[in-house]
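Report on one structure; see the data block that follows.
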Amino acid sequence: MRELFDKTQWIRDQFPVLKRKVHGHPLVYLDNGATTQKPQSVIDRVTRFLSEEYSTVHRGVYLMSQESTEFCETVRSTIARFVNARRPEEVIFTSGTTAAINLAATALGKSVVTPGGEIVITQMEHHANIVPWQQVALATGATLKIAPIMPDGSVDLEAFERTLTPKTQIVAFPHISNVLGTVNPVAQMTAMAKTVGAIVVVDGAQGIAHHPVDVQAMGCDFYCFSAHKMYGPTGVGVLVGRYDLMDQLPPVQFGGDMIETVTFEKSTFAKLPAKFEAGTPPITEIIGMGAAVEFIESIGWNYILGHDQAILNYALAGLETIPGIQLIGTAPGKSAIISFVMDGVHPHDVGTILDMEGVAVRVGHHCAQPLMGVYDVPATIRASFSVYNTESDADGLLSALQKVRHYFQ
Amino acid sequence: MSRLDGLYQQLILDHNKSPRNFGKLDPHSHYSHGVNPLCGDDYEVTLQVSPDGIIEKSAFVGSGCAISKSSGSLMTSAIEGKSVADVLALKDRFLNLLICDTVTEDDRAVLGKLAVLEGVKKFPARVKCAALVWRAIEDALSESAVQTISTE
């Protein structure tokens, strides 16, 4: 434990924003589930690209454009290695997780999903993994089925298996729940879905920075994530998809870069990955994302996983000492995302009081309104931890929560 | 007084703990449903308005934070016996209180207990909490009453 937190100081020093004060208090940033702060290496890489190297990709015959293209394609290869994709062309750049899920849903909705078919999701989904599938079901005449969770916030695997039928065409679920912190058994759930021949889409928004991802070991067809939740810039994300499947799917957005030849009568489309990347991509952000992957690799998964469990257990032990706190999501092996409610105090009031102490948490329904219904709460307080959070951050949260009781007995 | 003390004044905490007129009027002549989609605050406002345009009774019910709930309690306590026109004018004056720097002592005198919510001015993210039930009553009293309104 001691050693872990010493390394954390080395990591903290790489994040300039962590030195700032909020309302006169040192910043305690615990909203990493929403977005993570950026290390100096990412800031520097983006700054250098914009100030010395900026140019478009895939179009120019001039040196700078060729360099930009090479930078972006190198990041594609880096990400393919990072998630163990079969080849770089399996990495499709999008604007983020939501866009990645929408891309997969739209392409599958136009080709794979049929009237009378079934799409299975779980009760713990983020809205971004509910609404696109609702729209596909509406457009195709398929049915959206919801697999239940257990009271501790883990998927009820027996019920999940019963939800799957020969009619199941798509199964979508999160790697890690953004509210509960539950780490789903992705490989096991995927194997179950494969017994009925379904295509599996994994929402990796919370997974990517907290757990090593190996899409081949998971067996899933699609894995979706954003750069900004893994220390990279906003505005870029990735859809990792199985090459042979994506090769068969129709394009979703049309325009420059995704074509082979265009006449006024008809167009033919480019091969992967360009087929799914219409228009100028977020070049600067892609290059920043590459630096973010390198940052994660410089820390290493052993440390990340060890720190995640250590800070989770430390914070949970502290929360136990505060009366009237009810945890939402207590699955074994969960990640350091802690949702809770306080007796007699609405989460919004807690959020405001914590902010005045410099503690940034998310309060609300976390874009998971149906899950709030499952637990019969209108909202929760969510403290989500990252590699740079320390015992002192957890202590800051706990003492700010004591302050809440000063106003709300 | 600290900014937090200015926000969570005793009167607000009291109305949050024991909200007045908390329920649904049955029958009622006017209705609206106010929600903040981003935070999930959710209230139904019901009114009994006499044929000559006097608010005879009002009530609100639902869930939300201390600011939105105390605002509903204070609003329903303040408007009974007032004319529809007076309530709409009070609404404008109240919404100004939440955001404007030019609030006068006269405004505060007219608003009475409602002025206790002025503390939200220093918490821009919470203005919509105090405004929600007032947006709902504005909607309930409008001719083209939409059933669900939002302040985000």
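Taking the alpha carbon gyration tensor of the range A:234-366, what are the square roots of 5 times its eigenvalues, largest first, to the nearest whole Å?
Details: eigenvalues 408, 75, 48 Å².
Taking √(5λ) for each Cα gyration eigenvalue gives 45, 19, 15 Å.
Could you tell me the relative contact order of the range B:24-82? Use alpha-carbon pairs under 8 Å, at least six residues apart, and round to a whole percent.
Numbers: 100 pairs, mean separation 17.2, N = 59.
Result for the range B:24-82 is 29 percent.
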Subject >> Value of relative contact order over chain A, rounded to a whole percent, pairs C-alpha under 8 Å and six or more apart >> reply: 23 percent
**OP:** Beta carbons within 10 angstrom, averaged per residue: use that to sort the peptides A:384-392, B:129-137, A:259-267, A:367-375, highest first.
**Re:** B:129-137, A:384-392, A:367-375, A:259-267
Original post:
Per residue of A:69-81, what is the mean number of Cβ atoms on other protein chains within 10 angstrom of that residue's Cβ?
Top reply: 0
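Just want the ordering: B:TYR8, A:TYR62, from fewest to most Cβ atoms lying within 10 Å of their own Cβ.
Values: B:TYR8 23, A:TYR62 10.
Sorted ascending by nearby Cβ count, the order is A:TYR62, B:TYR8.
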**OP:** Round to the nearest 10 and give me the degree value, 0 to 90, for the angle of helix B:127-141's Cα axis relative to the longest principal axis of chain B.
**Re:** 20 degrees
Subject >> Table column - 3J(HN,Hα) (Hz), the range A:176-186, Karplus curve with 6.51, -1.76, 1.60, x for Gly and Pro >> reply: 10, 5, 6, 9, 8, x, 4, 9, 6, x, 4
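Give the percent of DSSP beta bridges with both residues in the range A:130-244 that are antiparallel, rounded to the nearest 5. Present the calculation step by step, with values, prior to reporting the outcome.
Numbers: 7 of 15 bridges.
Approximately 45 percent, going by the DSSP bridge assignments.
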Subject >> Highest to lowest packing among B:33-46, B:83-96, A:32-45, A:312-325, scored as the average C-beta count within 10 Å >> reply: B:33-46, A:32-45, B:83-96, A:312-325
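For Cα pairs less than 8 Å apart in space and 6+ apart in sequence, what is the mean separation divided by the residue count of the range B:3-150, i.e. the relative contact order in percent? Don't jump to the answer; show the numbers that get you there.
Values: 262 pairs, mean separation 43.9, N = 148.
In percent, rounded to a whole number, it is 30.
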Original post:
Quick one: in the range A:98-222, what % of C-alpha pairs are over 24 Å apart?
Top reply: 18 percent
Subject >> Euclidean distance between Cα centres, the range A:306-363 to the range A:48-88, Å >> reply: 40 Å
Subject >> Of every Cα-Cα pair in chain A, the percent that sits beyond 42 Å >> reply: 15 percent
Subject >> Degrees between helix A:2-12 axis and first principal axis of chain A (Cα, 0 to 90, nearest 10) >> reply: 60 degrees
Original post:
Most fluctuating residue of A:ALA383, A:ALA270, A:ALA291 in a GNM of chain A with Cα springs under 10 Å: which is it?
Top reply: A:ALA270
**OP:** Give me the percent of DSSP beta bridges within the range A:43-297 that run antiparallel, rounded to the nearest 5.
**Re:** 45 percent
Original post:
Quick one: putting +1 on the C-beta of Lys and Arg, -1 on the C-beta of Asp and Glu, what dipole do you get for the range B:3-150 around its Cα centre, in Debye to the nearest 20?
Top reply: 500 debye
Original post:
Structure shown: which of B:LYS24/B:LYS128; A:LYS110/A:LYS145; A:LYS167/A:LYS334; A:LYS403/B:LYS121 lie over 25 Å apart, alpha-carbon to alpha-carbon?
Top reply: A:LYS167/A:LYS334
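Tell me the mean residue ellipticity at 222 nm calculated for chain B from its helices only (DSSP H runs of n ≥ 4, each -39500 (n - 2.57), averaged over every residue, nearest 500). If you can, show how the numbers build up before the last one.
Numbers: 6 runs with 65 residues, N = 152.
Roughly -13000 deg cm²/dmol at 222 nm, from the helical runs in chain B.
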**OP:** For helix A:347-356, report the angle its Cα long axis makes with the longest principal axis of the Cα atoms of chain A; keep it between 0 and 90° and round to the nearest 10°.
**Re:** 80 degrees
Original post:
Over the protein assembly as shown, what is the percentage of antiparallel beta bridges among all DSSP beta bridges, to the nearest 5?
Top reply: 65 percent
Original post:
Counting every Cα pair in chain B, what percent are over 24 Å apart?
Top reply: 25 percent
**OP:** Per residue of the range B:105-120, in order, report the coupling 6.51 cos²θ - 1.76 cosθ + 1.60 (Karplus, θ = phi - 60°) as ³J(HN,Hα) in whole Hz, putting x for Gly and Pro.
**Re:** 4, 4, 4, 4, 5, 5, 6, x, 4, 4, 5, 4, 7, 4, x, 5
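Laboratory data are not the source of any read-out in this text; all were calculated from the coordinates shown. Predicted model only: the values in this text are computed from it and were never measured. Using ideal geometry, Cβ is built from the backbone for each residue, glycine included, and neighbour counts are taken over all protein chains shown.
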